[in-house]
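Contents: one structure, followed by commentary.
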Amino acid sequence: MEFSTIVMSRYATKKFDGRKIPETKVNELLDMVRFAASAINLQPWKIKIVTDQKIKEQLRPAAFNQEQITSCSHLLVFCADPDYDSLISRLGVLLKKSGAPEEMQKNVLGMAAQFAGKMSPDQKLAWSQAQTYLALGNAINGAKSLGFDSCPMGGFDPKEFSRILKIPSPLLPVMLCPLGYAADKPMPKVRFPKEDVIF
Ligand SMILES: Cc1cc2nc3c(=O)[nH]c(=O)nc-3n(C[C@H](O)[C@H](O)[C@H](O)COP(=O)(O)O)c2cc1C
């Protein structure tokens with residue numbers, strides 16, 4: 001499918017038909033998510049995958065009882081990771097392993113430390129959240145490209161999700177992305193015209 005067709009035909013699915021997505025396809029999608037862009041390549045996100053129906057049922061009331069939570073095949077819980085000390089040190093290990101020139105490794109890690117060092121905890125969290133949305137973008141378009149559907153969902157209680165899923169601090173659930181095969185029909189696309197968007 002052309003990328004433009006993927007973007008134009010993807011829609012926020014409200015109900016899935018309960019069929020399971022093959023794990024190979026989910027893994028392909030997770031690779032697309034992992035390859036999302038991020039500032040200084042710090043990849044400040046983690047994803048919890050929920051497939052257990054009983055847990056999905058427990059979560060649903062904490063997401064305004066939205067049906068996608070229980071009718072989906074896989075529920076991805078995108079969490080922002082604001083622990084920049086750990087992110088920078090993990091990136092350091094990765095850069096070393098990748099065989100990147102030492103000068104480049106030093107520059108990247110120095111820039112990351114400088115940038116993160118200036119931020120308050122709240123700014124770190126906001127920075128991580130913003131980038132987690134980019135990873136989510138890959139997930140929703142990636143799902144369509146692989147032949148299944150998704151819904152980006154911010155309507156949920158992060159505290160309740162953290163409690164039920166035992167998400168360790170300081171990770172913060174930011175967005176949900178239920179995946180599955182749609183059992184509804186897309187609404188007509190409603191978008192501001194180009195002249196309203198471009199100025
Ligand atoms: C940050 C964010 C939060 C959203 N939360 C929900 C949600 O809780 N439930 C839902 O059904 N759709 C949710 N949506 C989907 C939007 O309603 C949807 O993307 C928008 O209406 C445009 O429709 P389309 O994606 O089908 O083109 C959310 C989308 C975003 C980006």
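Please treat every number below as a calculation from the coordinates, not as lab data. From a predicted model like this one, the values you see are computed outputs, not experimental measurements. So basically every Cβ, Gly included, is an ideal-geometry build from the backbone, and we count neighbours across all protein chains shown.
Where nothing but the Cβ of Lys and Arg (+1) and of Asp and Glu (-1) is charged, how large is the charge dipole of the chain around its Cα centre, in debye to the nearest 20?
Computed about the Cα centre, the dipole is about 260 debye.
Rounded to the nearest 500 deg cm²/dmol, what is the calculated helix-only ellipticity per residue at 222 nm for the chain, with -39500 (n - 2.57) per DSSP H run of length n ≥ 4?
Mean residue ellipticity, 222 nm, calculated: -15000 deg cm²/dmol.
Report the gain in length on full extension from residue 41 to residue 7: 0.36 nm times residue separation, minus Cα-Cα distance, nm rounded to one decimal.
Working it through step by step, the gained length comes to 9.8 nm.
With 32 Å as the limit, write out which pairs from 124/189; 54/96; 25/54 have Cα-Cα distances beyond it, or answer none.
124/189; 54/96
May I ask you to compute the full-extension gain from residue 55 to residue 34, defined as 0.36 nm times their residue separation minus their alpha-carbon distance, rounded to one decimal in nm?
That pair, residue 55 and residue 34, stretches by 5.1 nm at full extension.
Under a straight-distance cross-link criterion of Cα-Cα below 20 Å, which aspartates and glutamates are reachable from residue 97, leaving out those fewer than 8 residues away in the same chain?
Qualifying aspartates and glutamates at Cα under 20 Å: 31, 85.
Taking a virtual spin label 7 Å from the Cα of residue 85 along the C-beta vector, which residues in segment 146-189 bring their backbone nitrogen under 19 Å of it?
168-172
Along the charge dipole of segment 3-186, pointing to its positive end and built from +1/-1 on Cβ of Lys, Arg, Asp and Glu, which listed residue (55, 6, 104) has its Cα farthest out?
Going by the Cα projections, it comes out as 55.
Assuming a viscosity of 1.002 mPa s and a temperature of 20 °C, what translational diffusion coefficient in µm² per second does Stokes-Einstein assign to the chain, Rh being the Kirkwood radius over Cα pairs?
D = 118 µm²/s.
Where in segment 50-84 is the amide nitrogen less than 16 Å from a point lying 7 Å along the Cα-to-Cβ axis of residue 113?
From segment 50-84, the list is 84.
How do 115-122, 43-50 rank on mean C-beta neighbours within 10 Å, highest first?
43-50, 115-122
Would you order 162, 89, 128, 4 from fewest to most other beta-carbon atoms within 10 Å of each residue's own beta-carbon?
Least crowded to most crowded, the residues run 4, 89, 162, 128.
Which whole-number percent of Cα pairs in segment 78-123 have a distance greater than 13 Å?
57 percent
With both bridge residues required to lie in the chain, what share of the DSSP beta bridges run antiparallel, to the nearest 5%?
95 percent
Dividing the Cα radius of gyration by the Kirkwood radius, what Rg/Rh value follows for segment 10-87?
1.02
If each residue's Cβ is checked for other Cβ atoms within 10 Å, how do 6, 88 rank with the fewest at the top?
6, 88
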